[in-house]
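For reference, the structure is listed below as structure tokens.
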Amino acid sequence: MDSQLIHLFWTFSIYVIMLLIIGGYCMLATLNLVRALIGLEILMKAVTLLIIAAGYVSRHPAQAQALVITLIVIETVGIAIAMGIVLSIYRHKKSLDSRNIMSLKG
């Protein structure tokens, strides 16, 4: 591989690691369910960026793009379902605090 491509991959890897840290912290440090979903979105964008960078470096960008498009579709459906569950919890408990989930039954 070209050293310029490897340098580019490591540059993207630094940004991916920063996004992973930010997303993980956002998910773990908050009790608000919407903020946790935003943290999950940031984590997924980090994975997406890593897949694109790896595809570019390995000279298989079409395969990486197809994988990323599939990931985006699955991510969108998952977040839509999770947001529906969060809205249902909000309507039932009038709060987005994750500690209120423990009292739900059924």
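Assorted remarks:
- Normalised contact order of the chain, rounded percent, pairs of Cα under 8 Å and 6 or more residues apart: 26
- Whole-angstrom gap from region 38-106 to region 8-28, using each part's C-alpha centre: 15
- Whether region 3-97 is rounded, prolate or oblate, judged on the alpha carbon gyration tensor where a/c under 1.5 counts as rounded: oblate
- Annotation: lysines with alpha-carbon distance below 17 angstrom to Lys105 (same-chain offsets under eight excluded): Lys93, Lys94.
- Scanning the chain for trypsin sites (Lys or Arg not before Pro) in DSSP loops with at most 14 neighbouring Cβ atoms within 10 Å leaves 1-58 as the longest stretch between them.
Throughout, read-outs are computed from the coordinates displayed, never taken from laboratory work. The structure presented is a predicted model; accordingly, all values stated were derived computationally and were not measured. Note that we place each Cβ from the backbone using ideal geometry, even for glycine, and neighbour counts take in every protein chain shown.
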